[in-house]
Amino acid sequence: MEAYSKLNDHIMWTILCTTDDKLKKSRDLVNRILTRDLYFCVGQTQLKKEASHETPKKPGSQLFNIKEEDAEKEIFEKLSEEAKKTIKQSDIIVHIAKFNYGMGEKDPVEHVKFYSKLDPNKSVRVSKIRQDFMALPKEFSERFIRVCVKQTDPEVRERVREAFEKWCSHKGLKAKPAEFSAGMSWTKKPCSEEITLHAGNVSKRQLNYKEDATPLSRK
């Protein structure tokens with residue numbers, strides 16, 4: 001508990017100020033966060049519960065509950081042999097975002113009793129009401145899968161994007177461009193400079209973003 005209480009934002013600066021070689025990888029990662037050099041998102045899709053007509057042998061629940069590490073492996077396998085020479089499986093990050101009403105796939109309103117003015121002594125569950133009203137939701141959770149790339153090479157990003165689209169097609173899903181940004185995004189080249197921080201060494205390097213580049217989320 002004492003160690004956990006010290007695990008706050010100060011740990012980032014502690015990592016930056018150390019010269020320990022064992023923390024170089026962590027130091028580089030913190031620098032990428034501070035300079036907004038974030039992992040690039042190549043696409044996303046919504047995981048469906050229903051089995052697709054293209055994949056009738058794959059039950060929807062299996063795809064809906066897919067693990068991130070399994071998806072990373074499957075997407076990596078969709079890369080060409082040539083692409084695998086420069087792209088490692090660890091370069092691909094899959095993040096599954098889960099949304100619900102607070103009770104997983106269950107309807108929290110099922111725990112609420114409803115009464116009618118016509119019969120105030122009799123309670124009714126929302127499941128009964130739902131049979132008569134189409135506007136009430138029938139699903140209470142959804143999941144989106146987002147694929148990011150660690151490498152900054154545009155060619156690598158394109159290869160991973162293609163592999164992700166192939167994976168989605170095989171699963172009966174539709175790949176879409178990313179619609180979120182965890183950092184700043186630009187529509188044109190910035191004219192500012194970026195500062196990289198290291199213990200005992202502060203260096204500047206010029207930003208070099210493509211016009212349509214959007215730094216995105218990290219894991």
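The values are calculated or read from the model by the stated rules, or taken from the named source; none is laboratory data. Quick caveat, the model's predicted, so the values are computed rather than measured. Backbone-built Cβ (ideal geometry, glycine too); neighbour counts: all protein chains shown. We work out accessible area using only protein heavy atoms, side chains counted, and drop any ligands, DNA or RNA first. Shrake-Rupley method; radii C 1.70, N 1.55, O 1.52, S 1.80 Å.
What the table shows:
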{"item": "Segment 111-123 - residue that is farther than 20 Å from Phe140 by Cα and of a type outside the set (Gly, Ala, Ser) and, of those, most open to solvent (accessible area, probe 1.4 Å)", "result": "Lys117"}
{"item": "Test: residue in segment 50-72 that is more than 16 Å from the chain's Cα centre (by Cα), surrounded by 14 or more Cβ atoms within 10 Å (Cβ to Cβ) and at pLDDT 85 or above", "result": "no"}
{"item": "Hey, Thr152 surrounded by 11 or more Cβ atoms within 10 Å (Cβ to Cβ), in contact (Cβ under 8 Å) with a residue 40 or more places away in the chain and more than 19 Å from the chain's Cα centre (by Cα) or not", "result": "no"}
{"item": "Ser127 being out of contact with any Cys (no Cβ under 8 Å at 6 or more places or on another chain), of a type in the set (Gly, Ala, Ser), loosely packed, with under 13 Cβ neighbours inside 10 Å and in a strand (DSSP E or B)", "result": "no"}
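The rows are residues; the columns are (1) of a type in the set (Phe, Trp, Tyr); (2) in a strand (DSSP E or B); (3) out of contact with any Gly (no Cβ under 9 Å at 6 or more places or on another chain); (4) touching a residue at least 60 places away in the same chain (Cβ under 8 Å).
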position	(1), (2), (3), (4)
His95	no, yes, yes, yes
Phe99	yes, yes, yes, no
Glu105	no, no, yes, no
Asn121	no, yes, yes, no
Lys138	no, no, yes, no
Phe144	yes, yes, yes, yes
Cys148	no, yes, yes, yes
